[in-house]
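Student: First the structure, then my questions, so here it is.
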Amino acid sequence: MPNTNPTKSSDADYHPAFLTGNLTRQWWIVAVAMILGALIGMGVSYLLPPTYQAAFTVTTSVNLASNPEINEFMVDSAIFHIGDLAISQNVIDKVIESEKNLGIDLTQADLIRISTIERQVTSTYIKIEWTDPQTAAQIANTWGTIFFAALRDGARQALIAAELTKTQTILQNCLAGVEPAAPAAGSCTTSKSDLEALLAQNAEKIATAQNLSLGLYPQLTVDAYQDAVVPDKPVRGERGWLMAAGAAIGFILALVLSEIVDSPKKNPAGE
């Protein structure tokens, strides 16, 4: 038998106010809620300091002519590797220690949070964001100079490893009875036992230099750096997004309030 009992409308018959058009009749609720939300967001923004950004720049280059086997992809990898070295443990530890001596206590997590390592062509930027412009520039310069010194030392060790490798090839040829093509490269007058000893000693030197080279190409040149300047304008303010967030929250609350106001009209007494 079909149900003829006049009960309330089912949930399937429910239509939100913003779909039925009732919300347009209550536009003032939406407008007031969004304005109030934006004003609250603006008020909160005055309690939050602006953020300043300072950038330290390191310029590098790769000499492709010295080694035809190096291609553009390898150059890109080398430049990206330089950026990775900026956050190497050795560099980070030195930055934390140096900043502590300057009165600023930072952790590794703090440095990662406030920094951005960015590459543009052959330049690597260490960008620091801080609420105080002088502190932002100080941290960027501390980090940058430590990083630059590490790169210069790594590049020097890469050159040493390359030269030692050439010497190793000559010694190996001598041991095999092959005279060096260039007289300046040396002669093979050393005894076999001495050659073997020289090969072993040179191999240790190569391993040490390669370990200290930080994985850099010997063709890489660490050209120069530019200190970070004290920023005079904030790079990001919190006011804009807080006002937008407040307006969005106000809009959502207006939808809820509109449903509450519209509810008695949808469900009159006695239904």
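Student: Of the residues Ala158, Ala109, Ala150, which is surrounded by fewer than 13 Cβ atoms within 10 Å (Cβ to Cβ) and either under 20 Å from the mean Cα position of the chain (by Cα) or farther than 18 Å from Ala55 by Cβ (or both)? Working first, answer last.
Tutor: Details: Ala158 fails: surrounded by fewer than 13 Cβ atoms within 10 Å (Cβ to Cβ); Ala150 fails: surrounded by fewer than 13 Cβ atoms within 10 Å (Cβ to Cβ).
Selected residue: Ala109, the only one of Ala158, Ala109, Ala150 that is surrounded by fewer than 13 Cβ atoms within 10 Å (Cβ to Cβ) and either under 20 Å from the mean Cα position of the chain (by Cα) or farther than 18 Å from Ala55 by Cβ (or both).
Student: Would you mind finding the one in Ile79, Ile35, Ile114, Ile104 that is surrounded by 15 or more Cβ atoms within 10 Å (Cβ to Cβ), at pLDDT below 90 and among the hydrophobic types (A, V, I, L, M, F, W, C)? Reasoning before the result, please.
Tutor: On the way: Ile35 fails: surrounded by 15 or more Cβ atoms within 10 Å (Cβ to Cβ); Ile114 fails: at pLDDT below 90; Ile104 fails: at pLDDT below 90.
Of Ile79, Ile35, Ile114, Ile104, the one residue that is surrounded by 15 or more Cβ atoms within 10 Å (Cβ to Cβ), at pLDDT below 90 and among the hydrophobic types (A, V, I, L, M, F, W, C) is Ile79.
Student: Additional query: Please give the number of the condition Val121 fails out of (1) closer than 23 Å to Leu216 by Cα; (2) modelled with pLDDT of 95 or more; (3) among the β-branched types (Val, Ile, Thr).
Tutor: Result: Val121 passes all but (2).
Student: Residue check, Pro68 against (1) in a loop (DSSP other than H, G, I, E, B); (2) at pLDDT 95 or above; (3) not aromatic (Phe, Trp, Tyr), all met but one. Which one?
Tutor: All conditions pass for Pro68, except number (2).
Residues checked against (1) over 39 Å from the mean Cα position of the chain (by Cα); (2) under 30 Å from Thr145 (Cβ atoms); (3) at pLDDT 75 or above:
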{"site": "Pro234", "(1), (2), (3)": "no, yes, yes"}
{"site": "Leu242", "(1), (2), (3)": "no, no, no"}
{"site": "Ile252", "(1), (2), (3)": "no, no, yes"}
{"site": "Ile260", "(1), (2), (3)": "yes, no, no"}
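Student: Could you tell me which numbered condition Asp132 fails, if it satisfies all but one of (1) in contact with a helix residue (DSSP H, G or I) (Cβ under 6 Å, 6 or more places away or on another chain); (2) under 26 Å from Ala109 (Cα atoms)?
Tutor: Evaluating Asp132 over (1) in contact with a helix residue (DSSP H, G or I) (Cβ under 6 Å, 6 or more places away or on another chain); (2) under 26 Å from Ala109 (Cα atoms) leaves (1) as the failure.
Student: Identify, by number, the condition in (1) at pLDDT below 80; (2) part of a helix (DSSP H, G or I) that Val91 doesn't meet.
Tutor: Only one criterion is unmet by Val91, namely (1).
The values are calculated or read from the model by the stated rules, or taken from the named source; none is laboratory data. For clarity, every value in this text was computed on a predicted model and none was experimentally measured. Neighbour counts are summed over all protein chains in view; Cβ atoms, including those assigned to glycine, are modelled from backbone coordinates with ideal geometry.
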